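Report on the structure given below.
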Amino acid sequence: MEGEPSVEASSGRKMTFPDQDLLRGLCGEQNAHLKILEEKVGVSANIRGNTVTLRGGQWEVDLAEAVLGQLYEVLKSKYPVFKNDVDYAIRVLSGNRAADLKKVFKDQILISSNKKLIGPRTINQKEYIDSIRKFDIVFGIGPAGTGKTYLAMAMAISALTRKEVNRLVLARPAVEAGERLGFLPGDLYEKVNPYLRPLYDALHDMMSYESASRLINQGAIEVAPLAFMRGRTLNDSFVILDEAQNATSEQMKMFLTRLGFSSKAVITGDVTQTDLPDGKVSGLIEAVQLLKGIEGIKFVYFTRDDVVRHPLVQEVIDAYERREKSKRPIGV
């Protein structure tokens, strides 16, 4: 088929790519993507003209061929490929050669009038945004850096921009908002604002400061501590609860029962990272146990393979997971 890479196996596995510009994007700057392929898969990858020659074991060469072939299709669909994408493609296709990466990368979320687009970069992220479209209550559970809050925020802003909802409410538990809050300087807003800063950061990353400020002043976007949700009914709203592992059992019940007509809620958190005092049950952990199986509620779980931050974040997660499994005190 015209425009498709061709494969020849006589002297190594040779893949010929018709489009030189796309091939440059596939190989990366100074062939950085090919170097990742060599390191992670265990093949040699040499480029000459518009042909990449792969050498190594049968399984390794098959995997490398699948990675390059699928990422080339992504590039043909006019979506860029980054180093993390190469690493992710290797991890996914090594376990599931039938996975369709182009289907993941092509799903884009229009989040503002300036045509800014955000999209999933992993299969679980794709399932997550599909679930948000389909279900009214979605839990996104997993480690830091997996895009749980960021993608939920993108979906919320997109819904607000398209007038599918009238209001966006972003909430976060203020874990220290008991006795210690009184010792912080300033008025109530200044006391709780540090807990909400990550939500403002994500919001301003997707919208101009002026647009976000205008919508906040109009009441279309609200960023508030979880405790401020008590006693309210949220109709025609897209509500996000971030860091939900730090919500108590009572707070989680309170939050989930705020949902009104034509509204949607996304709850994000990492059940391994609760900051609640000893003896306090995490509302997120309890919700997983109580609500699983209820029709209309969806749980999406992320793993270290979904981390889209700096590659070292994956190594950090792995190191702490190994420590947890060993059950040994630090320093022993």
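Numbers at a glance
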| item | result |
| --- | --- |
| Residues satisfying the stated conditions in region 209-240, i.e. open to solvent by less than 50 Å² (accessible area, probe 1.4 Å), polar (S, T, N, Q) and either in a loop (DSSP other than H, G, I, E, B) or at pLDDT below 90 (or both) | Ser211, Ser213 |
| Qualifying residue in region 36-43 (condition: within 25 Å of the chain's Cα centre (by Cα) and among the charged types (D, E, K, R)) | yes |
| All positions within region 32-68 that are buried (at least 17 other Cβ atoms within 10 Å of the Cβ), closer than 26 Å to Asp107 by Cβ and not acidic (Asp, Glu) | His33, Ile36, Leu37, Lys40, Leu63, Ala64, Ala66, Val67, Leu68 |
| Selected residue (criterion: surrounded by the fewest Cβ atoms within 10 Å (Cβ to Cβ)) from residues of region 244-283 that are under 18 Å from the mean Cα position of the chain (by Cα) and among the hydrophobic types (A, V, I, L, M, F, W, C) | Val271 |
| All positions within region 156-194 that are surrounded by 15 or more Cβ atoms within 10 Å (Cβ to Cβ), at pLDDT below 90 and among the charged types (D, E, K, R) | Arg172, Glu176, Lys191 |
| Sole residue being at pLDDT below 95, surrounded by 11 or more Cβ atoms within 10 Å (Cβ to Cβ) and more than 31 Å from the chain's Cα centre (by Cα), chosen from Glu8, Glu2 | Glu8 |
| Inter-residue pairs, beta-carbon under 9 Å, first over 17 Å from Arg304 (Cβ atoms) and free of Cβ contacts under 8 Å to residues at least 12 places away in the same chain and in region 66-94, second in a loop (DSSP other than H, G, I, E, B) and open to solvent by less than 40 Å² (accessible area, probe 1.4 Å), 6+ apart | Phe82/Gly28 |
| Residue match in region 255-267 (condition: in contact with a Leu (Cβ under 6 Å, 6 or more places away or on another chain), touching a residue at least 60 places away in the same chain (Cβ under 8 Å) and part of a helix (DSSP H, G or I)) | yes |
| Extreme residue, modelled with the highest pLDDT, among residues of region 97-120 that are open to solvent by less than 50 Å² (accessible area, probe 1.4 Å), within 17 Å of Glu73 (Cα to Cα) and of a type outside the set (A, V, I, L, M, F, W, C) | Pro120 |
| Matching residues, region 268-303, being without any contact (Cβ under 8 Å) to a residue 40 or more places away in the chain, under 25 Å from Ala319 (Cβ atoms) and touching a strand residue (DSSP E or B) at 6+ places or on another chain (Cβ under 7 Å) | Thr274 |
| Count of residues meeting criterion [surrounded by fewer than 17 Cβ atoms within 10 Å (Cβ to Cβ) and part of a loop (DSSP other than H, G, I, E, B)] in region 284-320 | 8 |
| Scope region 124-144; condition open to solvent by 20 Å² or more (accessible area, probe 1.4 Å) and either in a strand (DSSP E or B) or among the aromatic types (Phe, Trp, Tyr) (or both); matching residues | Phe135, Ile137 |
| Test: residue in region 195-205 that is among the hydrophobic types (A, V, I, L, M, F, W, C) and either modelled with pLDDT of 85 or more or open to solvent by 50 Å² or more (accessible area, probe 1.4 Å) (or both) | no |
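The values are calculated or read from the model by the stated rules, or taken from the named source; none is laboratory data. Quick caveat: nothing in here was measured; it's all calculated off a predicted structure. Using ideal geometry, Cβ is built from the backbone for each residue, glycine included, and neighbour counts are taken over all protein chains shown. Just the protein is used for accessible areas: all its heavy atoms, side chains included, with ligands, DNA and RNA removed. Shrake-Rupley method; radii C 1.70, N 1.55, O 1.52, S 1.80 Å.
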